[in-house]
Amino acid sequence: MTPLPMRSGVSPSYLCLPVGSWPSLLAFLEKRFPDVSLATWISRMNRGEVVDAKGNRLSPDSPYRQGHCIFYYRELEKETPIPFEEKILYQNEHILVADKPHFLPVIPSGRFLHETLLVRLKKKTGLEHLTPIHRIDRETAGIVIFSHNPATRGSYQSLFQKRAMKKTYEALAGCLPGLSFPLTYRSRMVEGDKFFRMKQVEGPPNSETRIEVLEKRGDISLYRLYPVTGKKHQLRLHLSALGIPIVNDNFYPEAQACKGDDMSQPLKLLAKAISFQDPFTGREQYFESCRQLSWDNLS
């Protein structure tokens, strides 16, 4: 149990104080979080929103105690609303399955806090222990599975580690004439030169995707993708490497300028379905997104 309750769907953040010498906790926080003003930290402390592991309020003159953990609420002064709604497809005593729209991040990060799938779902359900057991990109729509039972979370997480979760994606991208389908693409993927991108290098493959064609309209095809492995940006990089980057991909083959709050051109990638054998009931579970990739405005 955390010493601060969930507030408006936001669970408290925590930080274990590293080795170091600081004249006060406040001085450390000012240095550690340069984007948060000193006045903001003082206000939070005065409201009792910065506490230690036992729930004791910490004040502006509290000493710095390395190794101790502090708890506080993350806040954003301004957050852009995301005008697309998620949908809960399934919930039992262990998991919750959601259908995420494009542009909505799964978890709080950077300039997103309340406008995230996790916080929205916590507000809707009141499930304090809700945690995603896998991730999809903010730009990708579709199925995301959450655990809300800490006692059984590991059993579901292990399904991903064992590759026992069968994932199906759909994507709109250019055509690949002269190739027979289905085809399997393998490559070795590593972190790229920019923190948010991946790249391919020589060496034994560590990523694999099976690719099928569902439909063709002019110069664009609808692909069904089966990722055997789950590397970051795997599907985006694999299609780009084949010469058919996914429509509206701002990262591959080259990183484009950030579009900020422009939500007019979603990435044409959808986490369409996921299936697995439930580790407790033994039943086959299958969940499919209600969303479809639009063929409009592809030029």
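Structure notes:
- Flag for E191 being closer than 30 Å to R153 by Cβ, open to solvent by 80 Å² or more (accessible area, probe 1.4 Å) and in contact with a Ser or Thr (Cβ under 9 Å, 6 or more places away or on another chain): no
- Selection over the stretch 12-53 of residues that are open to solvent by less than 40 Å² (accessible area, probe 1.4 Å), β-branched (V, I, T) and touching a residue at least 40 places away in the same chain (Cβ under 8 Å) gives a count of 1.
- Given (1) at pLDDT below 95; (2) over 18 Å from the mean Cα position of the chain (by Cα); (3) charged (D, E, K, R), number of the condition K124 does not satisfy: (1)
- Candidates F251, F287 - the one that is within 19 Å of L89 (Cβ to Cβ) and either of a type outside the set (G, A, S) or in a strand (DSSP E or B) (or both): F287
- Considering residues of the stretch 265-284 that are free of Cβ contacts under 8 Å to residues at least 12 places away in the same chain and on the phi < 0 side of the Ramachandran plot only, the residue least open to solvent (accessible area, probe 1.4 Å): D278
- Subset of the stretch 136-171 (residues that are of a type in the set (A, V, I, L, M, F, W, C) and either outside any helix (DSSP H, G or I) or under 12 Å from the mean Cα position of the chain (by Cα) (or both)): I136, A141, I143, V144, I145, F146, A151, A164, M165, A171
- For the stretch 160-173, the set of residues classified as in contact with a strand residue (DSSP E or B) (Cβ under 8 Å, 6 or more places away or on another chain) and either open to solvent by less than 20 Å² (accessible area, probe 1.4 Å) or of a type in the set (K, R) (or both) consists of M165, K166, K167, E170, A171, L172, A173, listed by residue number.
- The set of residues from the stretch 46-100 being touching an Asp or Glu at 6+ places or on another chain (Cβ under 8 Å) and of a type in the set (S, T, N, Q) comprises just one member, T80.
- Among the residues of the stretch 85-117, those that are closer than 23 Å to Y169 by Cα, of a type in the set (A, V, I, L, M, F, W, C) and touching a residue at least 60 places away in the same chain (Cβ under 8 Å) comprise L89, I95, V97, F103.
- Residue list for the stretch 162-194, restricted to those being hydrophobic (A, V, I, L, M, F, W, C), farther than 24 Å from C290 by Cα and touching a Pro at 6+ places or on another chain (Cβ under 9 Å): M189
- When the residues of the stretch 239-279 are filtered to those that are out of contact with any helix residue (DSSP H, G or I) (no Cβ under 7 Å at 6 or more places or on another chain) and acidic (D, E), the one that is modelled with the highest pLDDT is D278.
- Condition check for F84: modelled with pLDDT of 95 or more, of a type in the set (F, W, Y), assigned to a loop (DSSP other than H, G, I, E, B) and open to solvent by 70 Å² or more (accessible area, probe 1.4 Å): yes
- Failed condition for D219, given (1) open to solvent by 50 Å² or more (accessible area, probe 1.4 Å); (2) under 25 Å from L89 (Cα atoms); (3) in contact (Cβ under 8 Å) with a residue 12 or more places away in the chain: (2)
- In this entry, R111 is excluded by the filter for residues that are open to solvent by 20 Å² or more (accessible area, probe 1.4 Å), within 18 Å of K87 (Cβ to Cβ) and within 17 Å of the chain's Cα centre (by Cα).
- Those strands (runs of 3 or more DSSP E) lying entirely in the stretch 195-235 with at least 2 residues over 20 Å from N250 (Cα atoms) and in contact with a Pro (Cβ under 7 Å, 6 or more places away or on another chain): 207-217
- Here L4 meets each of (1) open to solvent by 60 Å² or more (accessible area, probe 1.4 Å); (2) of a type outside the set (D, E); (3) modelled with pLDDT under 95 with one exception, condition (1).
- Taken together, D35, D61 contain a single residue that is within 21 Å of S109 (Cα to Cα) and out of contact with any His (no Cβ under 6 Å at 6 or more places or on another chain), which is D35.
The values are calculated or read from the model by the stated rules, or taken from the named source; none is laboratory data. Owing to the predicted nature of the structure, the values given are computational and were not obtained by experimental measurement. Cβ sites come from the backbone with ideal geometry, for glycine too, and all protein chains shown count toward neighbours. Calculation scope for accessible area: heavy atoms of the full protein, side chains included, ligands and nucleic acids excluded. Shrake-Rupley method; radii C 1.70, N 1.55, O 1.52, S 1.80 Å.
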